[in-house]
């Protein structure tokens, strides 16, 4: 396993981690400048932050600062209640992929969606099998476009508590089953990263008794495209926006990183923290400095 104790060479900042400073939205160009000042080499921006600043502006800043993108957040949200909704999701995902290409991201991360309408508070139906079928169909269609653009897709399984509204793919095993269905492995196709793989976010997967075995499975197929870190607090006061800084919770992060690296992953550890009452109430500088220190000591 790589030694992170001496520097933060392999730290990436998911820009959601510092999207707010003292509770106020922080513009993405300011976040990029703060990262560059600290020698942080990689980021993973969210689309809404990119749109607010302008894709051309962010693309220029990424090139100016020499950033790498460990991923681009996010595509997905495939299920819909009607044909028009399915088409809108397809079109938006193509736009997301084009943006990921412009920013030269390592992959487009997919949060696949759940029951149509559930995120807005009123699910259109209760058929989660249908939602999963629409997810598979949506990824299959996007995959053709992604291959043509040479942009890998990374399915991110989310904790089962999000099955209804955010992602009906909830385990690494489910995600890899979709990968095997849509992007089957052949003897001639295992030499490099896959067109379709997974993002392993420990906040969503740490609890899974099959996690080690499924990470090994992903490694055999070269499907680990991204690795996201934070911590699970006890007690957790908000299941969406109370993620912990690495080392403050109950996840054995180094153990899981060891599994991921044993599976062949040698990329960035991407810090992704949503924290309404804690880290989003602090100065950006303090948050980034803490991420750097914890990357050395707790990841």
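Overview of results
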read-out	value
Among the candidates 155, 215, residue that is crowded, with 24+ Cβ neighbours inside 10 Å and either at pLDDT below 95 or within 22 Å of residue 115 (Cβ to Cβ) (or both)	155
Test for residue 247: is it at positive phi, part of a loop (DSSP other than H, G, I, E, B) and modelled with pLDDT of 95 or more	yes
Residues located in the stretch 152-183, provided they are part of a loop (DSSP other than H, G, I, E, B) and under 16 Å from residue 214 (Cα atoms)	156, 157, 158, 159, 169, 170, 171
Failed condition for residue 272, given (1) touching a helix residue (DSSP H, G or I) at 6+ places or on another chain (Cβ under 7 Å); (2) more than 28 Å from residue 218 (Cβ to Cβ)	(2)
Residues of the stretch 56-93 that turn out to be out of contact with any strand residue (DSSP E or B) (no Cβ under 9 Å at 6 or more places or on another chain), closer than 20 Å to residue 145 by Cα and in contact (Cβ under 8 Å) with a residue 24 or more places away in the chain, as a count	3
Yes/no for residue 140 being at pLDDT 95 or above, in contact with a helix residue (DSSP H, G or I) (Cβ under 7 Å, 6 or more places away or on another chain) and either closer than 21 Å to residue 87 by Cα or crowded, with 19+ Cβ neighbours inside 10 Å (or both)	yes
Residue match in the stretch 12-24 (condition: part of a loop (DSSP other than H, G, I, E, B) and either surrounded by fewer than 18 Cβ atoms within 10 Å (Cβ to Cβ) or out of contact with any helix residue (DSSP H, G or I) (no Cβ under 9 Å at 6 or more places or on another chain) (or both))	yes
Single unsatisfied condition, residue 97 versus (1) touching a helix residue (DSSP H, G or I) at 6+ places or on another chain (Cβ under 9 Å); (2) over 30 Å from residue 244 (Cβ atoms); (3) not in a helix (DSSP H, G or I)	(3)
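The values are calculated or read from the model by the stated rules, or taken from the named source; none is laboratory data. None of the values given here were measured: they were computed from a predicted structure. Quick reminder, even Gly has a Cβ in these numbers, built from the backbone with ideal geometry, and neighbours come from all protein chains shown.
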